[in-house]
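Computed from the coordinates by the stated procedures, all read-outs in this text should not be read as laboratory data. Small disclaimer: the values here were computed from a predicted structure and weren't measured. So basically every Cβ, Gly included, is an ideal-geometry build from the backbone, and we count neighbours across all protein chains shown.
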Amino acid sequence: MPKILVADEAGACYGVNRALQMVRDATRDARGPIHTLGPLIHNPSVVGELESRGVGVVASAADAPGGTLVLRTHGVTPEEEDAARASHDEVLDATCPFVIRAHNAAERLAREGYQVLILGEEGHPEVEGTLGHAPQALIVGGPEDLEGVRLARRVGLVVQTTQSRSRLRALVGALIGRVDELRVVDTICEATTLRQASAAKLAAQADAMVVVGGRMSANTRRLVQICEASCPRTHHIEGASELEAPWFDGAELIGVTAGASTPQSQIDEVVERIGELVGEG
Ligand code: SF4
């Protein structure tokens, strides 16, 4: 029978647990409707569970004026926050404190006259929120995006919290020699780093890996890339129902890891289902 191991560091992080607690408290205490501005976290089943408790999702503050509006874990732009405060009775800021740190760093660098670069995924809500704090900033996905870019003499770099340190190192390496002054604020969050290191360690030994988390979740997709690098039989799922028995044919060690927005209960379900599929159940 294959062994099933869960990575030492996997699943819901401080910022996600904090946000969920805030919203659950609000469902108990708030008067009037509660909405989140964009999905609270990138986990469809958790968002679905909140919806069943009456917490709706809106794309903009204007879509549901009045009541309580919750600012998502990934953060919002200052304009979005102003619009939320102007149109709602109460605004709950569930932005992860580590994301706020990146916002503040970008704002400070811009104020101090640096050309701000954000290492991150263009279009990701967190990156858009950070961009809102330093509107002239340039978003780069890696060293390849620097080709043909005119850089200022003083460059300040902040990082999407879920990026890997290897990507940050590669970008810093590409910037050295092209600018006179480079200021790096490493805003990668420790939960991300620990989950990535733990996933890499397990994937190096596993015959098959399962990564649990939302398809829109940047940190989950990064875990998938990291696992694929040493374990080609890596599968990304959002829930236990997607698991398929042939994925584990001949495997002696099956590894499981999960993104920072995946609750422990979902990890447990996945482990149980794998056990059933490989005949342990
Ligand atoms: Fe906050 Fe890090 Fe969790 Fe993102 S992964 S919500 S930055 S603790």
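Out of Val76, Val57, Val159, any idea which swings most in a Gaussian network model of the chain, alpha carbons joined below 10 Å? Most flexible of the set in this elastic network: Val57. In terms of surrounding Cβ atoms within a 10 Å radius of their Cβ, Met1, Met209, Met216 rank from fewest to most as Met1, Met216, Met209. Relative contact order of the stretch 14-96, please, whole-number percent, based on alpha carbon pairs below 8 angstrom and at least 6 residues apart. Relative contact order comes out at 34 percent.
When the Gaussian network model of the chain links Cα atoms closer than 10 Å, the mean-square fluctuations of Leu243, Leu131, Leu40 top out at Leu243.
Reported to the nearest whole Å, the Cα centre-to-centre distance from the stretch 190-266 to the stretch 33-55 is 24.
Sorted largest first, the spans of the alpha carbon positions of the chain along the three principal axes are 60, 56, 25 Å.
Each Lys and Arg adds +1 at its Cβ and each Asp and Glu adds -1 at its Cβ; summed about the Cα centre, the chain shows a dipole of about 860 debye. If the chain linking Asn104 and Asp82 were pulled fully straight, counting 0.36 nm for each residue of separation and taking away their Cα-Cα distance, it would gain 6.3 nm.
Based solely on its DSSP helices, what 222 nm [θ] is calculated for the chain when runs of n ≥ 4 H residues each add -39,500 (n - 2.57) and the sum is averaged over all residues, nearest 500 deg cm²/dmol? Roughly -12500 deg cm²/dmol at 222 nm, from the helical runs in the chain. Farthest towards the positive end of the charge dipole of the chain, among the residues Val55, Ala170, Leu277, is the Cα of Ala170, using unit charges on the Cβ of Lys, Arg, Asp and Glu. A crude spin-label estimate for the pair Asp63 and Leu151, with each label 7 Å from Cα along the Cβ direction, gives 3.9 nm. Ordering 143-154, 267-278 by mean Cβ neighbour count within 10 Å, with the highest value first, yields 267-278, 143-154.
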